[in-house]
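Structure record follows, encoded as structure tokens.
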């Protein structure tokens, strides 16, 4: 990121927007890419909406273009009215449908079978060969 006049003004806008915000929102926007933050600052003026979109970007890995599409669709206000994008309830038994619906929202364990619950670090990989 350069120190052009435009970027300096954007840094000032970023600070002014979030310096008194909820700490949870501050943590969320701190890990977002710069252009995602600029898009949120331009389009969203309420903290709860910004938190919703920031969390979605983090958990679902939205690109800037996908974030823009959801902003245009007003996903924050329409989130309860949007249908689910799967047919788990029709095709799976009830208990499996609930688990399958929850799976994308849960964090992933990228551990391999037989390892210490995903704790294979660089050192373990080097010693394994």
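The packing ranking, built from the mean of other Cβ atoms within 10 Å per residue, places the peptides 44-57, 87-100 in the order 44-57, 87-100, highest first.
Neighbour counts of other Cβ atoms within 10 Å put 11, 38 in the fewest-to-most order 11, 38.
Highest mean first, what order results for 16-24, 62-70 on Cβ atoms within 10 Å?
Ranking, from highest mean packing down: 62-70, 16-24.
No value in this document is a laboratory result; all are computed from the given coordinates. This one's a predicted model, so the numbers in the text were calculated from it and none came from an experiment. Neighbour counts run over all protein chains shown; Cβ positions are idealised from the backbone, glycine included.
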